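Input: a single structure, listed below in structure tokens.
The values are calculated or read from the model by the stated rules, or taken from the named source; none is laboratory data. Everything numeric in this text was worked out from a predicted model, so none of it was measured. Because the Cβ atoms are built from the backbone with ideal geometry, glycine has one as well, and the counts that use them run over all protein chains shown.
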Amino acid sequence: MAKALKCNLCDNHATVHLTQILNNKIHKVDLCESCAQQKGVTDPNGFSLADLLIKSTGGEEAGADQALKCPTCGYTRRNFSKSGRLGCPDCYDYFKDTIDSILANMHKGTTHCGKVPVNARAHISLREEVSRLEEELKKAVDAERYEDAAQYRDRIQEVRKARDQNE
């Protein structure tokens with residue numbers, strides 16, 4: 001049996017399910033009947049999903065906040081609200097709080113915890129191995145176990161060589 005979805009804005013049962021595709025990416029919002037009407041989803045003139053997401057995080061509250069501009073491209077939160085897009089890579093840092101609050105409403109968190117590409121797993125694993133070996137090397141040197149330290153040094157060089165060949 002399918003799990004009942006909850007409204008993204010309150011804890012009621014979601015009966016309205018919206019999907020918008022922007023730049024070949026799917027964005028979904030689930031709303032209860034009451035929230036859907038409050039946000040104007042039933043308006044025949046249509047609405048912007050990005051605008052809905054901004055409103056759901058309290059983004060329309062302060063005019064001064066809307067006037068903040070990215071120092072690199074001049075993009076404002078209002079621009080983001082209208083288009084659902086940011087102006088430049090620096091906008092991600094400048095509007096971090098806004099983006100985090102939107103993501104927190106859309107997902108279970110703001111940190112990626114999902115899959116890692118297969119080719120990246122090996123690289124991460126080798127990097128972690130180097131870090132672990134470097135810690136062991138430091139401990140061996142501090143304890144004046146120089147034979148062990150030499151073995152750790154040699155192993156670090158082997159792992160780094162393997163990592164460089166995988167890149």
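Some values worked out for this structure:
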| item | result |
| --- | --- |
| Pick from the range 122-147, criterion of a type in the set (G, A, S) and over 11 Å from R160 (Cα atoms), ranking: surrounded by the most Cβ atoms within 10 Å (Cβ to Cβ) | A140 |
| Close pairs (7 angstrom Cβ cut-off, 6 or more residues apart or separate chains): over 25 Å from R85 (Cβ atoms) in the range 12-39, at pLDDT 75 or above and aliphatic (A, V, I, L, M) anywhere | A14/L5; A14/L31; C32/A14; E33/V16 |
| Helices (runs of 4 or more DSSP H) wholly inside the range 1-101 that include at least 2 residues being modelled with pLDDT of 80 or more | 33-38, 77-83, 89-94 |
| Enumeration of residues in the range 139-152 that are out of contact with any Leu (no Cβ under 6 Å at 6 or more places or on another chain) and assigned to a helix (DSSP H, G or I) | K139, A140, V141, D142, Y146, E147, D148, A150, Q151 |
